[in-house]
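For reference, the structure discussed in these notes is given below.
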Amino acid sequence: MKRSIAILAAVVTASSVLLAAAPAHATAHGKNGRIAFRRYANADQTRGDIFTSTAHGTRERQVTHTKRTRLATEPDWSPNGRWIEYQVARHGDIDHSRLYKIHPNGRHRTFISASCQAPCLSDGFAQWSPHGRRIAFQRQFGPVSDPTFLFALFVMRANGTHARQITHRGADPLVDHRFQDHAPTWSPTAKRLAFERTDGKTDLRAICTVRLDGTHRKRMTRWKLDASQPDWSPNGRWIMFRSKEGSDDSGNVWLVHPNGTNLHRVTHTAPGTGKWASGSFSPSGRSIVAGKSPGVGNAGNADVYVMRLNGSHLRNITTSAAWESAPDWGPRRR
């Protein structure tokens, strides 16, 4: 997981610092298409690329072909299926990553983080809005020597312009802040964002929602769940997330209504035996895709799994020896 604090995630979308480098992505309603995911190319998880496959694990395709010093991760499909947004980090350093978008066939790679200028250090964990015209993402600020001063949520146009801060407005980016905001996901109405808030005092996380003007912030999960990387269902009824973000070998996928009711687990992996990472809902809203470690590859490596909303009909769709996680379920291209 790698998140500077930096991937079934669809069930509300991300195990350790290894799995954390993962998504939060809200899924636009539509017909189910291909699933995008990140595959690490080395054991240190500093190199990797974006791949796609069918929901049955067939017809795999490599989308990005990054340099040997780069990591491409956290893919998110546009609502029309024509683009995949993702972040790139040199030597796997998520604290200095930038955002790109690319067509699923690997063409027209486009840089969209031009607005990240000092004291901005990193853009990441982005997601398309339901109408496809905007992208929500987390932005990291601070001096290069100590890159953990401020994480805030931003929204920008899909071409990378007009970046606008949503949370921590007016906060000094060069002063350390107790609460840090990560991994935004859009509501289907595009009026609110769900996100992961970290308490720097306890190093625990909770899922919150906020309006696009930064008001009416609400916390939906208790801090002890250590919840991270939410994903909003296409019908707006559920938010999915993973628990025990700070653990290397424990954590499950959960669902909760946006008003905080009917909180329940989808997966039931016993503590110490495995950890679920980020994921997303299917465009139909009837299934979830998420990463889980260990999978069936080399010891400890993660695989990507598909399941129904109640955790049944679990199916592994990546069975290579490599570490695969951070999935996002795309729509059938329009």
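Coordinate-derived values only; no laboratory data. Here the structure is a predicted model, which is why all the values come from computation and not from measurement. Because the Cβ atoms are built from the backbone with ideal geometry, glycine has one as well, and the counts that use them run over all protein chains shown.
The Cβ shell under 10 Å around Leu314 holds other residues with a net charge of +3, Lys and Arg each +1, Asp and Glu each -1. Peptides 220-227, 114-121, 180-187 ranked from most to least packed by the mean count of surrounding Cβ atoms within 10 Å: 180-187, 220-227, 114-121. Our helix-only sum for the chain, with -39,500 (n - 2.57) per DSSP H run of n ≥ 4 divided by its residues, gives a mean residue ellipticity at 222 nm of 0 deg cm²/dmol. Using only C-alpha positions, report the orientation-averaged shadow area of the convex hull of the stretch 123-197, nm², one decimal. For the Cα atoms of the stretch 123-197, the hull's average projected area reads 4.9 nm².
Residue-normalised convex hull volume from the C-alpha trace of the stretch 194-334: 126 Å³ per residue.
Evaluating kT/(6 pi eta Rh) at 20 °C and 1.002 mPa s, with the Kirkwood radius of the chain over Cα pairs in the Stokes-Einstein relation, gives 116 µm² s⁻¹. The distance between label points at Gln165 and Asn235 comes to 3.9 nm (points 7 Å beyond Cα on the Cα→Cβ vector). Extent of the stretch 57-187 along its three principal axes (Cα atoms, max minus min coordinate, largest first): 48, 35, 26 Å. For the chain, the number of Lys pairs with C-alpha atoms closer than 25 Å, counting only pairs eight or more positions apart or on separate chains, is 24.
For the stretch 98-138, the alpha-carbon coordinates run over 34, 23, 14 Å along the three principal axes, in decreasing order. Scanning residues 5 or more positions from Arg47 or on other chains, those with amide H under 5 Å from its amide H are Ala41, Asn42, with H placed 1.01 Å from N in the peptide plane. Spin-label pair Ser284-Arg265: with each label point 7 Å from Cα along the Cα-Cβ axis, the two points sit 2.7 nm from one another.
With the highest mean first, a sort of the peptides 322-332, 192-202 on other beta-carbon atoms found within 10 angstrom per residue produces 322-332, 192-202. Derived scalar couplings between HN and Hα for the stretch 191-208 equal 9, 9, 10, 9, 7, 9, 10, 9, 8, x, 6, 10, 6, 10, 10, 9, 8, 10 Hz in order, rounded to whole Hz, by the Karplus curve 6.51 cos²θ - 1.76 cosθ + 1.60 (θ = phi - 60°), x for Gly and Pro.
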